[in-house]
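All remarks here apply to the structure that follows.
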Amino acid sequence: MRLIILGPPGAGKGTQAERITTAHEIPHISTGDIFRANIKNETELGKQVKSILDAGGYVSDDLTNAIVADRLAQDDAKDGFLLDGYPRTLSQVEALDALLSDNDQSLDAVIELVVDDEELIKRLLKRAETSGRTDDTEEVIRERQTIYVRETAPLAQNYRERGLLVDVDGEGDMDEVTERIEQALAKVAAN
């Protein structure tokens, strides 16, 4: 399957992404992980990304698209993948569509984990408490949620209009959420 997972910070995207990729034997492709690994290994790309992030900027669509195109060309992604953190803009949606089309491929589904705002804040405050992250204050968390909604709403709407968006209730324990995702993916595969 060729999938994208969307969800605000605290929705459980990382956990569910790992479970989906294990169950479907596809790679979990996280642009954030790719950026961090390149920075850590001090690759040319890593140096480029680090200087952009250190200056408070965003990695350009062109650079991000190129990284994803390179990653999707690797053998383990030929029969499927789960994208996490990409696409983030409508321009990136168009680039991904073109890339897949050039390879006679298409997306199977875009999973969006839906969690109540107050539940997300509660989860993130608890995570901050246990991980010692002092930057996760309620004010900062609410601002991140606002930014996520503003940036992601157009993507979700685009995929909804194309019949690809699958809303999944992200509340409850991890196993319940995983079961809901698998049920949704079974419906997608049956169509």
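Bear in mind these aren't lab numbers, they're just calculated from the coordinates by the rules spelled out. These numbers come from a predicted model, not from an experiment. We place every Cβ from the backbone using ideal geometry, glycine too, and count neighbours over all the protein chains shown.
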Once the piece of chain linking E94 and E176 is laid out straight, how much longer is it, given 0.36 nm per residue of separation minus the C-alpha distance between them?
-> 26.2 nm
Taking +1 at the Cβ of each Lys and Arg and -1 at the Cβ of each Asp and Glu, which of T43, I29, G7 sits farthest along the dipole of the chain towards its positive end, judged by Cα position relative to the Cα centre?
-> T43
Name the longest site-free stretch of the chain, where the excluded sites are GluC sites (Glu not before Pro) in a DSSP loop with no more than 12 other beta-carbon atoms within 10 Å.
-> 43-191
Projected label distance in nm at R36 and E151, using a 7 Å step from Cα toward the beta-carbon = 1.6
Compute the separation of the alpha-carbon centres of segment 28-55 and segment 73-144 and state it in Å as a whole number.
-> 17
In deg cm²/dmol and to the nearest 500, what is the mean residue ellipticity at 222 nm of the chain if only DSSP H runs of at least 4 residues count, each as -39500 (n - 2.57), divided by the residue total?
-> -19500 deg cm²/dmol
Which of D75, D54, D116 moves most in a GNM of the chain, Cα contacts under 10 Å?
-> D54
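R0 = 41 Å: FRET efficiency of D79 with D54, Cβ-based, nearest 0.05?
0.65
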Per residue, how big is the convex hull around the C-alpha atoms of segment 62-150? Give it to me in cubic angstrom, could you?
-> 137
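Which of rounded, prolate, oblate describes segment 134-191, given a ≥ b ≥ c as roots of the alpha-carbon gyration tensor eigenvalues and a/c under 1.5 marking rounded, otherwise prolate only if a/b is larger than b/c? Write out the running numbers ahead of the final one.
Working: a/c = 4.91, a/b = 1.48, b/c = 3.33.
The shape class here is oblate.
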